[in-house]
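*Asks:* If you scroll down you'll find the structure; I have some questions about it.
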Amino acid sequence: MKKILFINPNINNTVFGKMKMLALPPMGLGVLASRTPDTYEVSIVDEMVDTLNFDVKANLVAVTATTGQAPRAYRIMEEFRKRGIPTVMGGIHASVMTEEASRYADVVAVGEADELWPQILNDYETGTLKRIYRANVFPGLKGIPKIDRSLFSKKYMIHSVQTSRGCPCNCSFCSVTKFNGARYRFRSIKDVVEEIEEIKEKRFFIADDSIVGLGKEGIEHARTLFKNLKGMGKSWGSQVCITIAEHDDLLRAAAEAGANTFYIGFESIETESLKFMDKGVNMRPMIKNYKDTIKKFHEHGIGVIGGFILGSDGDNRDIFEKTIEFVHETGIDGCQFTIMTPFPGTRLYEQMRNEARLLYTNYPEDWVRYNAYEAVIEPRNMTIDELKTGWRSVYDGTSTFGSSLKRSMKTFKNTGSFTNASINLFWNYYNYKAIKDFNF
């Protein structure tokens, strides 16, 4: 029986690569594995949690990669090609840097590969593989094959599910809309619930870009999902658009369905920075007061982990101290502070390239720096050193063990949940440790 090896590369020697305990199973590879005929033996290796053996027996190797993972993905494929094993590369980076990827992979899949994969396998069997396969449409998600979770490593702290794809927000720094489309596509609630029931653990993560989409269709999808999750006895977290705070009934339904933590892209506390990022959704009247919005989540017993991007063109030198003050004043439970990064395929990348502000352009080697934790552009209103030092100072001012402990106690007070308090103590201090000793 022929063997197919699916690989998710690590980003070695980076902050992101050190955060192994936060790794989630590579759902995209799980979907492709589920679409592989049972005439093949399949396995998945995720370098975030396991070690890749280049001498493993395989007839075909398929590798996914974000931009930061691309250099490692290229090295992996070179090693297998030396052994005479054909390679396929997909994912967001290969989709936006197709010609580059085709220099290192035998086959490049552009776009969501759900419906490309059967065609690639058919051509592989007949010896007629093409260099590039392009998805002409965004595939529907109804009836998507069930993922075989036994293929995933046992080392993940938490498992995840996906209920939808797509995002209409189209923020200037984000590639989701380009890769997954601006329109939401939803899985069958029945299929999602059955998949969740098969997860043995009591906790799981919903890996949608937002569990509650914009518009009536997205809201109804979330409302139906929450209704079906209620009474399952499981707790979960998810990424969510801040607009859920406009709907008290949805917040209540989410809490009753087991939601305990939401990751929200606040992005910035500065209006000019939100404008620069095209994050207008965060400035809607009912939610632009972040402090009141966070309080709403707490009133329903839900903790909030906020994502913040530092170093945008709307930021001045005082953004770092302002952000520290915001964290302590609002009682936000967890935070992830990243540095403005122009990923290829985004409007931000085109702008930075046109303005000659990209600091590292020795591609593909320099792609490893595009991981959201390194300064790769010339800031407009501060020096590079001020950005690096300021970014570190925000972690120092909010996430040392002492600060993380105090914040977790505040989480317990605000949400009444020991689980939330524990999650955020771990999250904040673990992120702090990952960046503390990293040298740029």
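*Asks:* Here's a check for you: in region 333-377, which residue that is touching a residue at least 12 places away in the same chain (Cβ under 8 Å) and among the small types (G, A, S) is surrounded by the most Cβ atoms within 10 Å (Cβ to Cβ)?
*Replies:* Within region 333-377, the match that is surrounded by the most Cβ atoms within 10 Å (Cβ to Cβ) is G334.
*Asks:* Just to be sure, is K57 out of contact with any His (no Cβ under 6 Å at 6 or more places or on another chain) and free of Cβ contacts under 8 Å to residues at least 12 places away in the same chain?
*Replies:* Answer is no for this residue.
*Asks:* Taking V107, is it crowded, with 22+ Cβ neighbours inside 10 Å, within 18 Å of A58 (Cα to Cα) and either free of Cβ contacts under 8 Å to residues at least 24 places away in the same chain or within 23 Å of the chain's Cα centre (by Cα) (or both)?
*Replies:* Taking the combined requirement at face value, the residue does not satisfy it.
*Asks:* If you scan region 32-84, which residues turn out to be part of a helix (DSSP H, G or I) and touching a helix residue (DSSP H, G or I) at 6+ places or on another chain (Cβ under 6 Å)?
*Replies:* L32, A33, A70, P71
*Asks:* Let me ask you something else. Just to confirm my filter: which helices (runs of 4 or more DSSP H) fall fully inside region 206-309 and include at least 1 residues that are out of contact with any Phe, Trp or Tyr (no Cβ under 6 Å at 6 or more places or on another chain), of a type in the set (V, I, T) and closer than 19 Å to S164 by Cα?
*Replies:* 216-229
*Asks:* Next question. Is it true that D106 is in the same structural domain as I7 (by TED's automatic domain parsing) and at pLDDT below 95?
*Replies:* Spelling it out, it is not the case that D106 is in the same structural domain as I7 (by TED's automatic domain parsing) and at pLDDT below 95.
*Asks:* Continuing with the same structure: Can you confirm whether V63 is at pLDDT 95 or above and either assigned by TED's automatic domain parsing to the domain that holds Y430 or of a type in the set (A, V, I, L, M) (or both)?
*Replies:* Judged against the criteria, V63 is a match.
*Asks:* Okay, next question. Restricting attention to region 256-277, report how many residues are in contact with an Asp or Glu (Cβ under 7 Å, 6 or more places away or on another chain) and not small (G, A, S).
*Replies:* 4
The values are calculated or read from the model by the stated rules, or taken from the named source; none is laboratory data. In this text, all values refer to a predicted model and were calculated from it rather than measured experimentally. Ideal geometry is used to build each Cβ from the backbone, glycine not excepted, and the neighbour counts take in all protein chains shown.
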